[in-house]
Each structure stands twice: as structure tokens, then as C-alpha cells.
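Inspection log for the structure reproduced underneath, given as C-alpha cells.
The values are calculated or read from the model by the stated rules, or taken from the named source; none is laboratory data. None of the values given here were measured: they were computed from a predicted structure. Methodologically, a virtual Cβ is constructed for each residue, glycine included, from the backbone with ideal geometry; neighbour enumeration extends over all protein chains shown. We work out accessible area using only protein heavy atoms, side chains counted, and drop any ligands, DNA or RNA first. Shrake-Rupley method; radii C 1.70, N 1.55, O 1.52, S 1.80 Å.
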2 protein chains.
Amino acid sequence: MSYPPKHHQENNINHMIDVIKTYPLATLISVTNNEPLITHLPLIYDDRKLIGHIDKFNPQAKLLKDEKEVSIVFSGPQCYISPSVYTTTQLPTWNYIKVHLRGKVTAIKDEQKVKQSLVNMAQFLEQPDHKYELKIDNPRMHGLINYIKGFEIEITDWEGKFKLSQDKKPHDIENAKAELIRANQESIMVFLEKIL
Amino acid sequence: MSYPPKHHQENNINHMIDVIKTYPLATLISVTNNEPLITHLPLIYDDRKLIGHIDKFNPQAKLLKDEKEVSIVFSGPQCYISPSVYTTTQLPTWNYIKVHLRGKVTAIKDEQKVKQSLVNMAQFLEQPDHKYELKIDNPRMHGLINYIKGFEIEITDWEGKFKLSQDKKPHDIENAKAELIRANQESIMVFLEKIL
């Protein structure tokens, strides 16, 4: 019995890039003295690299030194799959799309380059409507620049974990996909009312 | 300047429990020889403990030994906040809800207890409609039981990271909340068509 099951491993790098571009909020994990440091921040994909920015007071900032190895997780849609979703007899399971990457960090030290990478990031994230444009001479960005550090990560390892009922019959794969869409569209209002 | 900013730290444990119960898919992180092992699986909250099950062939299964320390991340809704969402001048940002936990793992060795924990998990996840009931004598579960390991995690540390524009004016906090709902309800169909 092999692990992970082959039918859940996605080997198409373009599909993994689609996940990264559609769901840019990454979980960045570095390890020091066997303790993980975990930070959530958007990373923008560009030609096998990821570009990001971090609060200089975040303990993770110290670790984002040249050549430091980090792990990165990107998370696509996910949901519980009730056996009632299928036409065949199954056990309960959870479907999800995750991309695991490993990479090496290099600091972006030039202030102008960091500003340009912020401008590029905003341009990417404002797609397709572009209701806002971050200008390179934005005075707030100029004020912020002393409190953040820019970095890029060269991706060295790719692993796509696409758990989407691929081992089931075609009709049940379709049903699981419909459930993923339904669950992810379901209102989050009740939840937010509870906690806000 | 302190890190993390206080207005983004959620200290209400009940709000963190709401996140865990609404978004049970956890990212479980353990570290061995300064390398992180990262696994995604649903965990069910019960009285300051989390209960889960793992494929016995997952390398993480070996590490889930008694008293092993692990980190756990639960992820609520998240989205890019364009400055165009606000009535005031702001820079682009990302809002998200995350719960970081630390805990100690204990294996559930008794087969009957593992089965009961699977029954309880299905019962919890089938709320509120209960379209499916996992019975304790389910023959498929009986077949599965030799291929999974049950465990519980005693939670030792809680950290709520609720980044929800709390430092902005009341009207802009409302706008950011509306954007979080809109972005999370937006169709994922186009994305799934691309990759499936």
C-alpha cells in the first residue's frame, strides 16, 4: 500500500500554478531548533518564484535570510463529503486542494525593487476589475517601506495534493465536485455574525 | 512597535472554538530533524481536545506518538481587501481568520474507541441535516480500521489570528466584512473547470 495514494497526487505543474494564482494566501513554515514558525501572507507567483513582504517585527522576518529553506502551503477549496452525496456506498471523507512547495529565500534589499514588487502585487490582485491602482510614489507605501521586508522564494519542490474523489465512478466524481461548489458558496454570514 | 499587532489577536477562546467547529479541516505540523511534516485532516473538538484519524502509511503517523508536540492551524474565511472597499485612504491588505494551537498527542489504541470516534465525527459533520449515519458495525469501517490510527491532541496553547480590519473606522470594518462574505461566496466553478 503506497502513501500518498497516487490518484490524489497532482503532477501537472500548471494546475498547481492555477491554485497559487487563484488562492495566493500562503502558509509559510520555517523551522528553527525543531520549532515551526508559521506565518500567513499572500505570495505572488512569477516564473518559478514567489514574491512576498513581511512585517519586520514578525519573528519569521529574521529567518527569511538568503538561502534559508522554507515550506509553503497554498489552499484551494475544501469540504466534507457526506456519503449521501454519492450514488454508491462510501464512508465519510474530506476533499481538498492543497499545493505544498519547498523553496529557498532571498531578501529583496533594494527599496525601489520592494516598492515595485508591492505595485506588481496590487496590480495582480486587483484583476479583473482594477478598481484601485497602487502608484510607485504612493506616500503611504513610502511610510510603510521601513516596516516591511521584501523577499523572493525560488521554488525547489512541488507537490500537488488534489483530493477530489478521483477514485470514484464518473457520476460520483461529478457529485463530489457539485458538493465542493455548494459548500464553498454557502453563506458565511452566520459564522461571521457569531464572532464579530 | 509590538508584533503581532494587538488588534489582530483574538483572545476569546469561544470564538476560536467557533472557528474550529465551523472549519474542521486542520493543518497538522510536526517537526523532526528540523524538517516539517505537514498533513491536512479534519479534527473534531471536544473539551480542550482534538480527535482525529490518520492513514497508517502517512509518515506523520509514526510521529503521532504519546506526548509528541504538534502545531495545528485551523483556517476560516480569507480574502484580498482592495483599498477600493474602504471609504478612507488605505493600502491593499489581506484579511483572514486563523487559529494556531499547540498540543500533545496521545494515540487511541483501543479499536472500539477508534470506531466510536469515527461514528462521533460523522455525527458532528452531518449536522444539521444528518443525511447519513455511520453505524458502529459498518462493515466498510471495520475493513478500514486496520489502515488508520486514531489519536487525540490535548491543546496546550491557543492563538487566534483574526485579521479583520479592526483598526479601521466602523463603516470600513463593515465594508471589509461584506467583502469577505462576497469573496467567499463567489463562484469557484471557473477555477474547478480549469483544473478538473
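Consider residue B:33 carefully, then state whether it is within 12 Å of chain A (Cβ to nearest Cβ) and touching a residue at least 40 places away in the same chain (Cβ under 8 Å).
No: the conditions fail for residue B:33.
Out of curiosity, is residue B:22 in contact with a helix residue (DSSP H, G or I) (Cβ under 7 Å, 6 or more places away or on another chain) and within 11 Å of chain A (Cβ to nearest Cβ)? Outline the logic, then answer.
Working: in contact with a helix residue (DSSP H, G or I) (Cβ under 7 Å, 6 or more places away or on another chain): yes; within 11 Å of chain A (Cβ to nearest Cβ): yes.
Spelling it out, residue B:22 is indeed in contact with a helix residue (DSSP H, G or I) (Cβ under 7 Å, 6 or more places away or on another chain) and within 11 Å of chain A (Cβ to nearest Cβ).
Suppose we keep only residues that are aromatic (Phe, Trp, Tyr) and out of contact with any strand residue (DSSP E or B) (no Cβ under 7 Å at 6 or more places or on another chain) within the stretch A:54-111. Which one would you say is nearest to residue B:6 (Cα to Cα)?
My answer is A:57.
Which one of B:64, B:50, B:101, B:43 is surrounded by 16 or more Cβ atoms within 10 Å (Cβ to Cβ), more than 8 Å from chain A (Cβ to nearest Cβ) and farther than 27 Å from residue B:127 by Cα?
B:64
Please go through the stretch A:19-58 and give me each residue that is more than 14 Å from residue A:70 (Cα to Cα) and among the hydroxyl-bearing types (Ser, Thr, Tyr), ordered by number.
A:22, A:23, A:45
How about the stretch B:105-196: which helices (runs of 4 or more DSSP H) wholly inside it have at least 1 residues that are in contact with a Phe, Trp or Tyr (Cβ under 9 Å, 6 or more places away or on another chain) and open to solvent by less than 60 Å² (accessible area, probe 1.4 Å)? Full working, then the answer.
Working: elements: B:111-125, B:139-144, B:170-185, B:189-195.
Counting at least 1 such residues, we get B:111-125, B:170-185, B:189-195.
Among the residues of the stretch B:24-38, write down those that are part of a strand (DSSP E or B) and open to solvent by 10 Å² or more (accessible area, probe 1.4 Å). Give the derivation first.
Of the stretch B:24-38, the ones part of a strand (DSSP E or B) are B:25-32, B:35-38.
Those that are part of a strand (DSSP E or B) and open to solvent by 10 Å² or more (accessible area, probe 1.4 Å): B:25, B:27, B:31, B:32, B:35, B:36, B:37, B:38.
For the stretch B:67-98, give me the residue count where each residue is part of a strand (DSSP E or B), open to solvent by 30 Å² or more (accessible area, probe 1.4 Å) and more than 10 Å from every other protein chain (Cβ to nearest Cβ).
Summing the residues that are part of a strand (DSSP E or B), open to solvent by 30 Å² or more (accessible area, probe 1.4 Å) and more than 10 Å from every other protein chain (Cβ to nearest Cβ) in the stretch B:67-98 gives 1.
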